[in-house]
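Undergrad: A single structure is presented below for examination.
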Amino acid sequence: MMLATLKAEEQSQQLQIVEREDIEDEDDLFEAIDKLTSHGINAGDVKKLQDAGIYTCNGLMMHTKKHLTGIKGLSEAKVDKICEAAEKLVNFGYITGSDVLLRRKSVVRITTGSQALDELLGGGIETLAITEAFGEFRSGKTQLAHTLCVSTQLPTNMRGGNGKVAYIDTEGTFRPDRIVPIAERFGMDPGAVLDNIIYARAYTYEHQHNLLLGLAAKMSEEPFKLLIVDSIIALFRVDFTGRGELAERQQKLAQMLSRLTKIAEEYNVAVYMTNQVVADPGGGVFVSDPKKPAGGHVLAHAATVRLMFRKGKGEQRICKVFDAPNLPESEAISLTHITSHFITFIYHFLVGINIEPMNLNDFRNHRTNDVSKQ
């Protein structure tokens, strides 16, 4: 027993060291905007691009010339010259299917902490994609976000992302004290885990958009692997009211979703966003309480993978693949909400009759995994 405990502590310490190391072996996934200076672009113009939130040549090519000419100090002639130089550094033209397959090898699948949900998702939450989780309140969306904050920091050989996390909170539901037990479950240092999460509370849709723009500088310098927006639609439903503002709301929402897509593809990060639901009067007479995800078709087309969360019997939580390009329609059931306290009770009962199976954390994780397989 003592030997097993020492071995577990040694593994935990090794894991914390891995988490604090910077990613050095990973190939460069983007070309820094600074490289434009070697192709005849003035350093002052490069600085103007950085001030506008553009830090890579890949990101530069994702903007229209109309947008670039709107940056103060950049004329149409300068923009043409900048784009021409950027095209020499990055290839935004046609490539073969084999090349696309090769690029897909850079995709990282981040574990959700649930074996059943990982199997449903083909391994976990994908980078280079937007994963949307929608459902009514208390269905498990934010709980999954907190778990991903920790699992993303695991090494890749432990089905993590070996990277940092950015969390944009629009509803005030982020709880750092919830991160602590999750980190301990994975055998990680809670303090180190919290230090690798950058957090911002957004209060308006404009503030939310500006926070996304400010991420470019951080992601170009540090190894981020996950961006969480919880939730994507809340502030839009507050700041835009009535049918008269619906068209403008959807246009602004589309622009923000476009920004999320570019972040995912530019920096090879996973984007996990939660979404609310609205009543669906046309849901059918055979459905007791019909609901549909908020945001309409604009949000539906932007998300790569759509997951529907709902409450089951008692403390059950059910996740269903609602839409995905490469996943079959299926469901996963989680029972971890009800088992946590019950498992602790069983453990102390066994200790009370002089049967100590293992330490409490290992026993809890072991039994929770067994339940998730059922």
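Coordinate-derived values only; no laboratory data. Keep in mind the model is a prediction, meaning the values are calculated, not measured. Cβ sites come from the backbone with ideal geometry, for glycine too, and all protein chains shown count toward neighbours.
Undergrad: In what sequence do 203, 94 fall when counting other Cβ within 10 Å, fewest first?
TA: On the way: 203 12, 94 6.
Exposure proxy ranking, most exposed first: 94, 203.
Undergrad: Sticking with the crude label model, points 7 Å out along Cα→Cβ, report the distance from residue 217 to residue 84 in nm, one decimal please.
TA: According to this spin-label approximation, the distance is 3.1 nm.
Undergrad: Another question, then. By counting other Cβ atoms within 10 Å of each Cβ, how are 193, 278, 321 ranked from fewest to most?
TA: Working: 193 24, 278 13, 321 18.
By the 10 Å Cβ count, ascending: 278, 321, 193.
Undergrad: To continue, here is another question. To the nearest 0.05, what FRET efficiency results for residue 171 and residue 278 with a Förster distance of 22 Å applied to their C-beta separation? Let's see the in-between values first.
TA: On the way: r = 16 Å, r/R0 = 0.72.
Efficiency, rounded to the nearest 0.05: 0.90.
Undergrad: Name the shape class, rounded, prolate or oblate, that the alpha-carbon gyration tensor gives for the stretch 106-237, where a ≥ b ≥ c are the square roots of its eigenvalues, rounded holds for a/c under 1.5, and otherwise prolate holds if a/b is larger than b/c and oblate otherwise. Working shown, then result.
TA: Values: a/c = 1.43, a/b = 1.27, b/c = 1.12.
Because its axes are fairly even, with a/c under 1.5, the stretch 106-237 counts as rounded.
Undergrad: Grab the beta carbon distance between residue 72 and residue 115, set R0 = 56 Å, and tell me the FRET efficiency rounded to 0.05.
TA: Working: r = 52 Å, r/R0 = 0.93.
Calculated value: 0.60.
Undergrad: Quick one: if the Förster radius is 35 Å, what FRET efficiency do residue 246 and residue 51 give, using the C-beta to C-beta distance and rounding to 0.05?
TA: E(calc), rounded to 0.05, equals 0.55.
Undergrad: Something else about it: State the extension gain, in nm to one decimal, for the chain segment bounded by residue 315 and residue 301, taking 0.36 nm per residue of separation less the distance between their alpha-carbons.
TA: Values: separation 14, 0.36 × 14 = 5.04 nm, distance 3.16 nm.
Value of the extension gain: 1.9 nm.
Undergrad: With every atom except the alpha carbons ignored, what do you get for Rg and Dmax of the stretch 106-334, in angstroms?
TA: 17.0, 53
Undergrad: Are any of the pairs 141/252; 218/292; 47/164 more than 29 Å apart by Cα-Cα distance, and if so, which? Write out the running numbers ahead of the final one.
TA: Working: 141/252 24 Å; 218/292 35 Å; 47/164 26 Å.
Distance filter (> 29 Å) returns 218/292.
Undergrad: On alpha-carbon atoms, Rg over Rh for the stretch 33-89 using Kirkwood Rh?
TA: Values: Rg = 9.6 Å, Rh = 10.9 Å.
Rg/Rh for the stretch 33-89 comes to 0.89.
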